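A quick write-up on the structure given underneath.
Just so it is clear, none of the values below were taken in a lab; they were calculated from the coordinates. Everything numeric here is computed off the predicted structure, so don't read it as measured data. Glycine gets a Cβ as well: all are built from the backbone with ideal geometry, and neighbour counts include every protein chain shown.
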Amino acid sequence: MDRNEVPQVVLNSGKKMPMIGFGTGTVPLPPSHELIPAFIAAIEAGYRHFDTAAYYGSEGPLGEAIARAIQKGVLKSRTDIFVTSKLWCTDAHPGLVLPALKKSLQRLGLEYVDLYLIHFPVRLRKGVTGTKFMEGDILPLDIKGTWEDMELCSKLGLAKSIGVSNFGVKKLSQLLENATIPPALNQVEMNVAWRQDKLREFCTEKGIHVAAWSPLGANGAVWGSLAVMGSPILKNIATNTSNTLPQVALRWIIQQGAIPIVKSFNKDRMKQNLRIFDWKLSHTDLEKIKEIPQFRGFGGERFVAQHGPYQTLDQLWD
């Protein structure tokens, strides 16, 4: 597939974004000498949209890969690539957002990111590490104050677009009440087994694009499942359309108007995952996919605490 065939969408910020992203977060994270060649291979395959985060630990290797790709002539310049990074929860405090972004830019070796997201609607006490939190580690999120700092990042030109990740309808509504710059995108878990119909409808009404992490159900991750990759419905559609099952799952996301964030360090699968733009699922296929049982993969239990701001998972996600 020619790299120029990847279409783009226009965000509400006026900036263009490639309609498929390459994810760089994985546990455990491979060493830099493995990551950098993998990211360069993805660029060579045709990916022009890369998704990283302070929490992933992949900003440095990604920045190095971009620099090497420019040196090799695979990329003509920085403007040929779209980079997303995210604000981690320990920096989701008014006054800490801008310094956090500057540290991410330093690690990336870039003057700006194309998109900067609040990683979770969660604030953690500064200095907290790991995934097991103690009493008092999880604090109420100051949505208004944190978003004002995100807007400052935009006004300074350090983030061309700003948005959120893992925000439900209620929290998006709270953010929009005070925002002077609306979020350009909401990145959430989304796949055929977790369609996010209500949230996507709300985002469409508000002009907010949706990006889908875990588009294949995170098979292989601690919290992942075979809900997507083991689906007999998808297997049947893949056979009938002469596509792979992952291609069918990713094409479904594209036809919902969302942007899949794929993740594979296998060169053949990298290329296969890009071959989703020159064919369509039929109405019959789409109706059949609606029969797939719904199942949220990442529960987020770590952010729920008896005396914290979220005492139930429903409070966290909506």
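The amide H of Lys280, built 1.01 Å from its N in the peptide plane, has no neighbour under 5 Å, considering only residues 5 or more places off or on other chains. Less than 5 angstrom separates the built amide H of Thr52 from those of Thr84, Ser85, all sequence-distant by 5 or more or on a different chain. Selection among Tyr116, Asn191, Thr239 by position relative to the dipole of segment 8-317 gives Thr239 as farthest towards the positive end (Cβ unit charges, Cα centre). When +1 charges are put on Lys and Arg Cβ atoms and -1 charges on Asp and Glu Cβ atoms, the dipole computed for the chain relative to its Cα centre reaches about 460 debye. Taking 0.36 nm per residue of separation and subtracting the current Cα-Cα distance, fully stretching the chain between Thr239 and Arg296 would add 17.9 nm. Its Kirkwood hydrodynamic radius, worked out from the mean inverse distance over all distinct Cα pairs, puts segment 165-318 at 16.6 Å. Summary of the geometry: segment 15-47 and segment 243-317, compared by the centres of their Cα atoms, lie 18 Å apart. Highest average first, the peptides 7-16, 71-80, 116-125 ordered by how many other beta carbon atoms sit within 10 Å of their residues are 116-125, 7-16, 71-80.
Could you give the length gained by full extension between Asn178 and Trp279, i.e. 0.36 nm per residue of separation minus their alpha carbon distance, to one decimal place?
This chain segment gains 32.2 nm when fully extended.
Taking amide H atoms as placed 1.01 Å from N in the peptide plane, the amide H of Ala211 lies under 5 Å from those of Asn186, Gln187, Val188, Ile259, each 5 or more residues away in sequence or on another chain.
Scoring 272-281, 141-150, 26-35 by mean Cβ neighbours within 10 Å over their residues and listing the highest first yields 141-150, 272-281, 26-35. For the pair Lys170 and Phe265, a Förster radius of 41 Å applied to the C-beta separation gives a FRET efficiency near 0.65, rounded to the nearest 0.05.
Longer than 31 Å from Cα to Cα, which of Lys206/Lys263; Lys16/Lys144; Lys86/Lys235; Lys144/Lys290 are they? Say none if no pair is.
On the way: Lys206/Lys263 28 Å; Lys16/Lys144 27 Å; Lys86/Lys235 34 Å; Lys144/Lys290 37 Å.
Violating the 31 Å Cα-Cα cut-off are Lys86/Lys235; Lys144/Lys290.
Stretching Glu287 away from Leu29 to a fully extended chain increases their span by 89.1 nm, per 0.36 nm per residue minus the current alpha-carbon distance.
From the helices alone, meaning DSSP H stretches of at least four residues, give me the mean residue ellipticity at 222 nm for the chain, per-run term -39500 (n - 2.57), in deg cm²/dmol to the nearest 500.
That calculation yields -10500 deg cm²/dmol at 222 nm.
In order along segment 216-231, the Karplus-derived 3J(HN,Hα) couplings, from 6.51 cos²θ - 1.76 cosθ + 1.60 at θ = phi - 60°, round to 10, x, 6, 4, x, 6, 4, 9, x, 8, 9, 4, 9, 5, x, 6 Hz, and Gly and Pro are given as x.
Applying the Karplus relation 6.51 cos²θ - 1.76 cosθ + 1.60 with θ = phi - 60° to segment 307-313 yields 3J(HN,Hα) values of 10, x, x, 10, 9, 9, 5 Hz, where x marks Gly and Pro.
Residues in segment 103-119 carry Karplus couplings, in order, of 5, 4, 5, 5, 5, 6, x, 10, 8, 7, 9, 6, 8, 10, 10, 6, 5 Hz; the curve used is 6.51 cos²θ - 1.76 cosθ + 1.60 with θ = phi - 60°, and Gly or Pro positions show x.
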